[in-house]
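As structure tokens, the structure follows; a few thoughts come after it.
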Amino acid sequence: MQCVVIFSVVLSAVLFSADAWRATLHRDSGFRGGSIDVSGNGCVNVGKDFNDRTSSVNTHGGCIRIYQHGNCLGDMKELFPGSAAHDNLRALGFNDKLTSIGPCPRRRREVPYSLRK
Ligand SMILES: [Ca+2]
């Protein structure tokens, strides 16, 4: 019985960590202006102070999906190391739109270095 409990705890830790993400949202482009750290294991709605006010995002080397509406609905953009315009969401058509953030699908393929810009 104890083994089952330990196994369950370890398994849930692995499952949750696989979806864990962290991001810093900035009100202005170029990672300037007021900022807030957001993290989660699934979909998270950003606080109303930052709803529709984010202009640049630091993904801390991870992959996140940003959504136009709450509960990870509406237009979506994927941000990951090597993707364009973390520092200027306007270039993605996403300035002052971000309302929720979620993880990227697991086992996303690595972007070949040659395709990075
Ligand atoms: Ca929005």
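Every read-out reported here was derived from the displayed coordinates using simple, explicitly stated rules and does not represent laboratory data. The model shown is predicted, which means the values in this text are computed figures rather than measured ones. Here Cβ is always computed from backbone atoms with ideal geometry, including for glycine, and neighbour counts include all displayed protein chains.
For region 26-34, the Karplus equation 6.51 cos²θ - 1.76 cosθ + 1.60, evaluated at θ = phi - 60°, returns couplings of 10, 5, 10, 5, x, 6, 10, x, x Hz by residue, with Gly and Pro reported as x.
Evaluating 6.51 cos²θ - 1.76 cosθ + 1.60 at θ = phi - 60° for every residue in region 19-24, the Karplus couplings come out as 9, 5, 9, 8, 8, 10 Hz, glycine and proline recorded as x. Coupling constants for region 74-82 follow from the phi torsions by the Karplus curve (6.51 cos²θ - 1.76 cosθ + 1.60, θ = phi - 60°), and in residue order they are x, 4, 9, 10, 9, 10, 8, x, x Hz; glycine and proline get x.
Placing dummy labels 7 Å off each Cα toward the beta-carbon, the span from residue 76 to residue 60 is 2.2 nm.
The length gained on full extension between residue 6 and residue 51, counted as 0.36 nm times the residue separation minus their Cα-Cα distance, comes to 12.3 nm. Note on 22, 32: ascending count of other Cβ atoms within 10 Å places them as 32, 22, the fewest first.
Shape class for region 35-91: rounded, because the ratio a/c of the largest to smallest gyration tensor axis (alpha-carbon atoms, square roots of eigenvalues) is under 1.5.
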